[in-house]
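Asks: Once you've had a glance at the structure underneath, I'll fire off some questions.
Nothing in this text is a laboratory measurement; each read-out follows from the coordinates by a stated rule. What you see is a predicted model; the values in this text were computed from it and never measured. We place every Cβ from the backbone using ideal geometry, glycine too, and count neighbours over all the protein chains shown.
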Amino acid sequence: MRFAARMKDLGTETAFEVLAKAKALERQGRAVIHLEIGEPDFDTPPHIVEAAIKALRDGHTHYTPSPGIPELRGAIAEHLTATRGTPVKPEQVVVTPGAKPIMFYTILACVDPGDEVLVPDPGFPIYASVVRFVGGVPVSVPLREEHAFRMQVADVAQRITPRTRLLIFNTPHNPCGSALTRADIEGLAELARRHDLVVLADEIYCEMLYEGTHTSILALPGMAERTVLLDGFSKTYAMTGWRLGYGAMPVALAEQVARLMTNSNSCTAAFTQWAGIAALKGPQEPSRKMIAEFRRRRDFLVPALDAIAGIRCAMPPGAFYAFPNVTGLPVSAHEFADLLLQQYGVAVLAGTCFGECGEGYLRISYANSLENLREAARLIRNAAAGPPQR
Ligand code: PLP
């Protein structure tokens, strides 16, 4: 079969490939500790599950409006107004199956062939993949260890050209666990206003911030008319498999994105939308407990990695990822990740899964039990020390 030429430009998420390799090893009877996956290891809180079951029983089994049911759009608008410190109207909100489609639709709606899009490197691989897919040009903004992996305003400024259309950033950040400061965000907003850029602010990890406070660019002067805020339920409420996310954006863009929804998904599953209302309006305790547990794990894992000869790991302030520098080891990060999986049964990702600037690093997800993290740290220490032994 012949495929459309554009398919060669579409990338992927290598995390899923490593997961497949790890699962193949497990099928051969090998034990694998999964630190490659970007999802909470907790189950969805029971009151959210109950709300979905009730919605199904109540007959919420039909199509809904493409941008979401008014009740959920309203609840999200209220939630954003309360948490981001700026009024958000329900008409600005589009509900999607997971937050990922917000990236896809924003890029489809805003980027013409030849337009340049600034993306973090390392960064979530789907940003650059979709930009290429629509004929745009992803322009990497390097995130460096010496700047705590925070996107530098000067680095962004240097890369802006008359073709720059969109700036994408993610805070707290996947894969680095870094977080932008208020001053960083103000600097980025100033550039966006000056150069008339659209901003896609990926705030999916904003509840998982262990130090400092989250500033949403949406709340800064002149930004509501040019910002797409991406968030969702996958991480905060351990709902990755439900596929429920959203974007808040200028009303005119929300209408375009809703049209893209009509043309692709029609709508997000009705009962998951009702579950989303329960998530936002119900008890927040289960989510808070989960996040407190992530923090405990981080506080164990990061110093344990940093203590290994050849590995250096700074404390990441957010998300649930450690991003150790492994350039002190005699092998490349990619080879080390392979060795860890094949010989030691520890699945992690090479930093290059997230862009060229990830060279020399690993992404280690600490969304796993403390017991497994202890064992993984021991195995990583053994692997770093020399010849394979279990
Ligand atoms: N943005 C970032 C930075 C992510 O890491 C992820 C998921 O891994 C997403 C967005 C997408 O989340 P969802 O599962 O809601 O589509």
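Asks: Return the Rg/Rh value of the chain, two decimal places, where both radii are evaluated on C-alpha atoms and Rh is the Kirkwood radius.
Replies: A ratio of 0.96.
Asks: Let me ask something else about it. Given bins 10 angstrom wide, list per bin the percent of all Cα-Cα distances in region 1-136, short to long.
Replies: Result, from short to long distances: 9, 23, 30, 28, 10, 0 percent.
Asks: Something else now. For Arg144 and Arg159, calculate 0.36 nm times their separation in residues minus their Cα-Cα distance, and state this gained length in nm to one decimal.
Replies: That works out to 3.8 nm of additional length.
Asks: Moving to a separate point now. Suppose we look only past 16 Å in the calculated P(r) of region 277-390. What percent of the Cα-Cα pairs does that tail hold?
Replies: 60 percent
Asks: How many nm separate the modelled label positions at Asn263 and Ala309, each set 7 Å beyond the Cα in the direction of the Cβ?
Replies: 5.9 nm
Asks: Still on this model: Can you give the FRET efficiency for Lys289 and Arg2, using 1/(1 + (r/R0)^6), R0 = 56 Å, r = Cβ-Cβ distance, to the nearest 0.05?
Replies: Efficiency, from the Cβ-Cβ distance: 0.60.
Asks: Within a 10 angstrom radius of the beta carbon, how do Ser140, Ser66 rank from fewest other beta carbons to most?
Replies: If I rank by nearby Cβ atoms, fewest first, I get Ser140, Ser66.
Asks: In square nanometres, what is one fourth of the surface area of the convex hull spanned by the alpha carbons of region 180-301?
Replies: With the hull built on Cα positions only, its mean projection is 9.3 nm².
Asks: Let me ask you something else. Sticking with the crude label model, points 7 Å out along Cα→Cβ, report the distance from Asn372 to Ala24 in nm, one decimal please.
Replies: 2.1 nm
Asks: Continuing with this model, one more query. Placing +1 on the Cβ of each Lys and Arg and -1 on the Cβ of each Asp and Glu in the chain, which of Pro87, Met249, Pro40 has its Cα farthest towards the positive end of the resulting dipole?
Replies: Looking along the dipole axis, the top candidate is Pro40.
Asks: At what distance in angstrom do the alpha carbon centres of region 225-294 and region 91-140 lie from each other?
Replies: 17 Å
Asks: Please list log₁₀ I(q)/I(0) at q = 0.15, 0.16, 0.17 Å⁻¹ for region 62-281, using the Debye equation with identical point scatterers on the alpha-carbon positions.
Replies: -0.93, -1.07, -1.21
Asks: Okay, next question. Of Lys21/Lys54; Lys23/Lys289; Lys89/Lys289; Lys54/Lys281, which pairs sit farther than 26 Å apart, going by alpha carbon to alpha carbon?
Replies: Lys21/Lys54; Lys23/Lys289; Lys89/Lys289
Asks: Set Lys and Arg Cβ to +1 and Asp and Glu Cβ to -1, take the dipole of region 309-390 about its Cα centre, and tell me which of Gly328, Gly360, Leu373 lies farthest positive.
Replies: Leu373
Asks: Could you pull the Rg and Dmax for region 50-104, using just the Cα atoms, both in Å?
Replies: Rg, Dmax (Cα atoms, Å): 12.9, 36.
Asks: Next question. If each residue's Cβ is checked for other Cβ atoms within 10 Å, how do Lys235, Lys54 rank with the fewest at the top?
Replies: Lys54, Lys235
Asks: Moving on to the next point. Using the number of other C-beta atoms within 10 angstrom as an exposure proxy, rank Thr215, Thr268 with the fewest first.
Replies: The most exposed by this proxy come first: Thr215, Thr268.
Asks: At 222 nm, what helix-only mean residue ellipticity would the chain give, in deg cm²/dmol to the nearest 500, using -39500 (n - 2.57) for each DSSP H run of four or more?
Replies: Helix-only estimate at 222 nm: -13000 deg cm²/dmol.
Asks: Follow-up. Using alpha carbons only, how many angstrom separate the centre of region 7-35 from the centre of region 330-383?
Replies: 13 Å
Asks: Taking the chain as the reference, fit the longest principal axis to its C-alpha atoms, fit the long axis of helix 100-110 to the helix C-alpha atoms, and give the angle between the two in degrees, 0 to 90, nearest 10.
Replies: 60 degrees
Asks: Moving on. What Kirkwood radius, in Å to one decimal, follows from the Cα pairs of region 1-76?
Replies: 17.4 Å
Asks: Something else now. If the only charges are +1 at each Lys and Arg Cβ and -1 at each Asp and Glu Cβ, what is the size of the charge dipole of region 62-281 around the Cα centre, to the nearest 20 debye?
Replies: Roughly 340 debye, rounded to the nearest 20.
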